[in-house]
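A.B. asks: Below are the structure tokens for one structure; questions will follow.
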Amino acid sequence: MQAGNFGPLRTFVEYAADEQKKRFLPDLLGGRKIMSLGMTEPDAGSAVTDLRTSATAKGEGYVVNGSKIFSTHSPEAALFLVYVRFGPGVGGIGSVLVERDAPGFTIGKASRFMNGEQWSQLYFENVFVPATNVLLGAGGFKKQIAGFNVERLGNAARSVALGRHAFNVARDYASTRKQFGRPLCEFQGLQWKFAEMAVKLDAAQLLLDRAVANAGHGLPDPYETAAAKLACNLAGFEVANDALQAMGGMGFSEESIVEYCVRRTRGWMIAGGSIEILKNRIAESVFERKFDQRPE
Ligand SMILES: Cc1cc2nc3c(=O)[nH]c(=O)nc-3n(C[C@H](O)[C@H](O)[C@H](O)COP(=O)(O)OP(=O)(O)OC[C@H]3O[C@@H](n4cnc5c(N)ncnc54)[C@H](O)[C@@H]3O)c2cc1C
């Protein structure tokens with residue numbers, strides 16, 4: 001659902017030329033091919049604008065050199081939306097579409113995140129990208145991130161959904177599992193825990209609904225996106241983790257899907273803007289000023 005709706009595909013649809021949509025969308029929307037996002041680099045994670053992968057004009061296109069890490073689904077992806085640098089500074093950043101079989105493009109060995117998803121390091125050595133495969137030219141970074149905010153809401157929705165699933169499983173378990181001759185739900189220590197979990201999920205869901213409802217069919221507001229993602233990432237992980245605890249050894253076992261919910265929700269606290277970076281963004285709205293994270 002994420003890869004086919006809210007991931008890089010959504011940014012692509014927002015900015016692609018009609019000809020690009022005709023070429024790539026049928027297979028992507030038909031679920032026959034998958035697109036992966038190449039944004040993060042070995043030396044440009046949270047500081048994404050430090051990215052160095054370059055696109056240098058040559059003939060009817062650009063030559064791309066550099067490397068990316070952590071691109072989810074890269075071992076299987078057919079198409080890559082790659083952030084590149086056409087020139088210096090934030091204003092020099094844009095994005096291109098690179099097809100899997102492009103000469104000079106190498107996909108490294110598959111590694112596995114703790115959540116089970118796979119990624120590979122991507123290597124670009126003089127990869128020729130025709131001008132028809134440029135998504136956003138120099139100056140496109142802000143637009144790229146505006147589109148990425150939809151991906152962030154997809155990430156937030158999955159966090160809160162998996163948190164709620166773990167909650168439901170643990171609630172049913174606590175209703176029937178007996179210790180000391182009574183169901184677990186009759187212990188006040190657990191009742192209070194479940195009350196807190198319920199409120200965390202509801203609060204996060206409402207912030208997500210606000211961001212989505214206010215966006216309508218457009219792109220979501222950056223502050224509302226950051227607030228929703230932060231709340232959903234925290235609620236999803238904390239609730240799934242508490243659900244696991246409430247189920248004891250069964251929660252920690254692969255017999256229950258709750259341990260999977262913990263592993264998946266954990267990753268979304270890092271992916272797509274870590275919870276710390278989201279707080280930085282929220283603080284800028286609170287104080288109505290920028291806080292440069294770089295040394296003078
Ligand atoms: C599950 C998962 C899926 C991902 N999928 C993709 C993908 O498809 N495509 C892609 O390009 N990338 C992807 N990523 C990479 C992701 O975007 C980066 O991991 C993320 O931006 C953080 O970068 P980093 O890992 O280099 O950590 P770093 O930037 O090195 O940060 C390390 C720690 O320091 C904190 N930190 C850094 N700067 C600050 C600051 N100024 N203030 C406070 N704290 C700070 C961070 O929050 C983090 O906790 C994925 C990551 C994960 C975990």
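The values are calculated or read from the model by the stated rules, or taken from the named source; none is laboratory data. Bear in mind that the values here come from a model prediction, so they are computed numbers and not experimental data. In this analysis, Cβ positions are derived from the backbone assuming ideal geometry, glycine residues included, and neighbour counts consider all displayed protein chains. Surface accessibility is based on the protein's heavy atoms, side chains included, excluding ligands, DNA and RNA. Shrake-Rupley method; radii C 1.70, N 1.55, O 1.52, S 1.80 Å.
A.B. asks: Just how large is the dipole of the chain about the Cα centre, in debye to the nearest 20, putting +1 at every Lys and Arg Cβ and -1 at every Asp and Glu Cβ? Before the final figure, lay out each step's value.
C.D. replies: Numbers: 34 positive and 31 negative charges, 44 e Å.
The calculation lands at about 220 debye.
A.B. asks: Here is a further query. Connecting C-alpha atoms closer than 10 Å in a GNM of the chain, tell me which of E238, E254, E76 has the biggest fluctuation.
C.D. replies: For the chain, modelled as a Gaussian network with Cα springs under 10 Å, the answer is E254.
A.B. asks: For the chain, what is the accessible area per residue in Å² when the probe is 1.4 Å?
C.D. replies: On the way: 15050 Å² over 296 residues.
Per residue, the chain has 51 Å² of solvent-accessible surface.
A.B. asks: Cα axis of helix 141-176 to longest principal axis of the chain: angle in degrees, 0 to 90, nearest 10?
C.D. replies: 20 degrees
A.B. asks: When the chain is treated as a GNM, springs tying every alpha-carbon pair under 10 Å, which of E224, E259, E125 comes out with the largest mean-square fluctuation?
C.D. replies: Highest fluctuation of the listed residues: E125.
A.B. asks: So what is the calculated 222 nm ellipticity per residue for the chain, using -39500 (n - 2.57) for each DSSP H run with n of 4 or more, over all residues, to the nearest 500 deg cm²/dmol? Can you show the working numbers first?
C.D. replies: On the way: 8 runs with 137 residues, N = 296.
Result for the chain: -15500 deg cm²/dmol, rounded to the nearest 500.
A.B. asks: How many angstrom lie between the C-alpha centres of segment 57-97 and segment 131-152?
C.D. replies: What the calculation gives is 11 Å, centre to centre.
A.B. asks: Can you give the Rg to Rh ratio of the chain, both from alpha-carbon atoms, with Rh computed by the Kirkwood formula?
C.D. replies: Values: Rg = 21.3 Å, Rh = 20.6 Å.
Value, to two decimals: 1.03.
A.B. asks: Moving on to the next point. Roughly speaking, to the nearest percent, how much of the chain's 1.4 Å accessible area is carbon and sulfur?
C.D. replies: Numbers: 8410 of 15050 Å².
C and S atoms contribute 56 percent here.
A.B. asks: Rounded to the nearest 10 degrees, what's the angle between the helix 188-215 long axis and the longest principal axis of the chain, both from Cα atoms, 0 to 90?
C.D. replies: It works out to around 30 degrees.
A.B. asks: Report, in cubic angstrom per residue, the convex hull volume of the C-alpha atoms of segment 143-295.
C.D. replies: Numbers: hull volume 20.2 nm³, N = 153.
Output value, Cα hull per residue: 132 Å³.
A.B. asks: Same structure, new question: Got a sec? Charge dipole of segment 100-144, +1 on Cβ for Lys and Arg, -1 for Asp and Glu; which of V127, G139, G108 is way out at the positive end?
C.D. replies: G139
A.B. asks: Would you rank F287, F194 by solvent-accessible area, highest first, keeping every protein chain in place and using a 1.4 Å probe? Could you put the intermediate results ahead of the total?
C.D. replies: Details: F287 135, F194 30 Å².
Final ranking, largest accessible area leading: F287, F194.
A.B. asks: A further question on this structure: How would you classify segment 34-158 from its alpha-carbon gyration tensor, with a ≥ b ≥ c the square roots of the eigenvalues: rounded for a/c under 1.5, else prolate if a/b is greater than b/c, otherwise oblate?
C.D. replies: Numbers: a/c = 1.69, a/b = 1.22, b/c = 1.39.
Oblate.
A.B. asks: Just check segment 1-66 against the gyration tensor rule for me: Cα atoms, a ≥ b ≥ c as the square roots of the eigenvalues, rounded for a/c under 1.5, and otherwise prolate or oblate depending on whether a/b exceeds b/c. Present the calculation step by step, with values, prior to reporting the outcome.
C.D. replies: Details: a/c = 2.55, a/b = 1.34, b/c = 1.90.
Oblate, because a/c is 1.5 or more while a/b does not exceed b/c.
A.B. asks: Just to be sure I understand: with springs between alpha-carbon atoms less than 10 Å apart, which residue in L190, L153, L219 has the highest mean-square fluctuation in the Gaussian network model of the chain?
C.D. replies: Result: L190 has the largest fluctuation of those listed.
A.B. asks: For helix 18-29, report the angle its Cα long axis makes with the longest principal axis of the Cα atoms of the chain; keep it between 0 and 90° and round to the nearest 10°.
C.D. replies: It works out to around 30 degrees.
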